[in-house]
Amino acid sequence: QVQLVESGGGLVQAGGSLRLSCATSRLTFSSYAMGWFRQAPGKEREFVAAISWSGASTYYTDSVKGRFTITRDNAKSTVYLQMNSLKPEDTAVYYCAGGATIATLRSARVDYWGQGTQVTVSS
């Protein structure tokens, strides 16, 4: 029973910041690449960011580069997404995901999904 639980979502004004957390349990955390996806109502789920098992490599979708930062703490089995300079178009449910590599996550070959946390950015 692997579990991924997101937290940190909420309502923020444009230009503000939020930090999302994804706490895992019963997962060999340090063996997995971790990532974040998001989905707005009526739209398909899209890849946002991923980080390798060691934290040495990261990858971001173009729309969040320079604004979002993904990090991980293997000692805490937790991955984070720091979101700065938020825009209304960032509004979505954000999902934590675990997979074999950054490449597999980018292709949505995900082994484990979290339940999601809502992020709403107002103008």
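The values are calculated or read from the model by the stated rules, or taken from the named source; none is laboratory data. These numbers come from a predicted model, not from an experiment. Glycine gets a Cβ as well: all are built from the backbone with ideal geometry, and neighbour counts include every protein chain shown. Side chains included, ligands, DNA and RNA excluded: accessible areas come from the protein's heavy atoms. Shrake-Rupley method; radii C 1.70, N 1.55, O 1.52, S 1.80 Å.
Taking segment 99-123 as the search range and keeping residues that are of a type in the set (A, V, I, L, M, F, W, C) and part of a loop (DSSP other than H, G, I, E, B), which one is modelled with the lowest pLDDT? If you could, list the steps in order and put the result at the bottom.
Restricting attention to segment 99-123, the residues satisfying the condition of being of a type in the set (A, V, I, L, M, F, W, C) are 100, 102-103, 105, 108, 110, 113, 119, 121.
Within this subset, residues satisfying the condition of being part of a loop (DSSP other than H, G, I, E, B) are 100, 108, 110.
Details: Ala100: 95, Ala108: 87, Val110: 96.
In this case the residue turns out to be Ala108.
Can you pull out the residues in segment 22-36 that are farther than 15 Å from Val5 by Cα and either crowded, with 22+ Cβ neighbours inside 10 Å or modelled with pLDDT of 95 or more (or both)?
The answer is Tyr32, Ala33.
Go through segment 37-59 and give me each residue that's touching a Phe, Trp or Tyr at 6+ places or on another chain (Cβ under 6 Å) and open to solvent by less than 60 Å² (accessible area, probe 1.4 Å).
Phe37, Arg38, Phe47, Val48, Ala49, Ala50
Inside segment 25-78, can you point out the residues that are among the small types (Gly, Ala, Ser) and closer than 13 Å to Gly98 by Cα?
Quick first cut of segment 25-78, residues among the small types (Gly, Ala, Ser) only: 25, 30-31, 33, 35, 40, 42, 49-50, 52, 54-57, 63, 66, 75, 77.
Ser25, Ser30, Ser31, Ala33, Gly35, Ala49, Ala50, Ser52, Ser77 - these are the residues of segment 25-78 that are among the small types (Gly, Ala, Ser) and closer than 13 Å to Gly98 by Cα.
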